[in-house]
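The values are calculated or read from the model by the stated rules, or taken from the named source; none is laboratory data. Quick caveat, the model's predicted, so the values are computed rather than measured. Cβ: placed from backbone, ideal geometry, glycine included. Neighbour counts: every protein chain shown. Just the protein is used for accessible areas: all its heavy atoms, side chains included, with ligands, DNA and RNA removed. Shrake-Rupley method; radii C 1.70, N 1.55, O 1.52, S 1.80 Å.
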Amino acid sequence: MQRKKEGGNWPIIVGSILGLIVIVLAFMTFKNFDVNPKPKIAVVQLEGPITLTKTSTGFLGSTSTTRQVIEDLKKIKKDDSIKGVIVEINSPGGAVVASQEIANAVKSLGKPSVAVIHEVGASGGYWVASATDLIVASEVSITG
């Protein structure tokens with residue numbers, strides 16, 4: 001006759017269940033851990049007259065300041081997960097130096113860029129658009 005072992009199979013069963021729980025938790029943790037973040041496309045808006053001074057809302061609508069747009073472009077340039085940039089433009093232009101600075105910042109991104117001209121992309125707005133790799137505009141947009 002065989003003698004029953006004390007404790008039976010419980011230690012093996014409990015150990016197996018705990019081991020299985022650890023494996024499932026580890027899998028769930030690594031499944032959600034993103035080693036290679038998905039590539040992103042950044043959107044920068046150039047809205048209203050382009051100015052060197054702070055943003056305001058007035059008769060001509062909101063304005064796009066060089067300082068803020070360039071700061072955004074610098075952040076985009078440093079972020080390796082951002083693989084491209086869309087510059088949305090609805091601007092009649094504005095300050096010459098401000099337009100040139102934004103256009104130079106777009107050129108120096110080192111990432112693919114597309115300008116999307118909505119209603120207006122004129123003067124300095126078009127200058128910025130011309131710094132991108134591709135310009136997309138409606139046939140009725142005011143461009144140039």
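Worth pointing out:
- Annotation: residue 140 fulfils all but one of (1) open to solvent by 30 Å² or more (accessible area, probe 1.4 Å); (2) in a strand (DSSP E or B); (3) among the β-branched types (Val, Ile, Thr); the unmet one is (2).
- For the stretch 122-132, a residue qualifies if it is closer than 18 Å to residue 65 by Cα, assigned to a loop (DSSP other than H, G, I, E, B) and either open to solvent by less than 50 Å² (accessible area, probe 1.4 Å) or aliphatic (A, V, I, L, M) (or both), and the qualifying residues are 122, 131.
- Among the residues of the stretch 71-92, those that are part of a helix (DSSP H, G or I) and surrounded by fewer than 16 Cβ atoms within 10 Å (Cβ to Cβ) comprise 71, 74, 75, 78.
- Unmet requirement for residue 135, which otherwise passes all of (1) open to solvent by 50 Å² or more (accessible area, probe 1.4 Å); (2) part of a loop (DSSP other than H, G, I, E, B); (3) in contact with a strand residue (DSSP E or B) (Cβ under 8 Å, 6 or more places away or on another chain); (4) of a type outside the set (Asp, Glu): (2)
- Selection from the stretch 96-133 of residues that are among the aliphatic types (A, V, I, L, M) and in contact with a Pro (Cβ under 8 Å, 6 or more places away or on another chain): 120, 122
- The number of residues in the stretch 93-121 being part of a loop (DSSP other than H, G, I, E, B) and either open to solvent by less than 20 Å² (accessible area, probe 1.4 Å) or in contact with a Cys (Cβ under 6 Å, 6 or more places away or on another chain) (or both) comes to 2.
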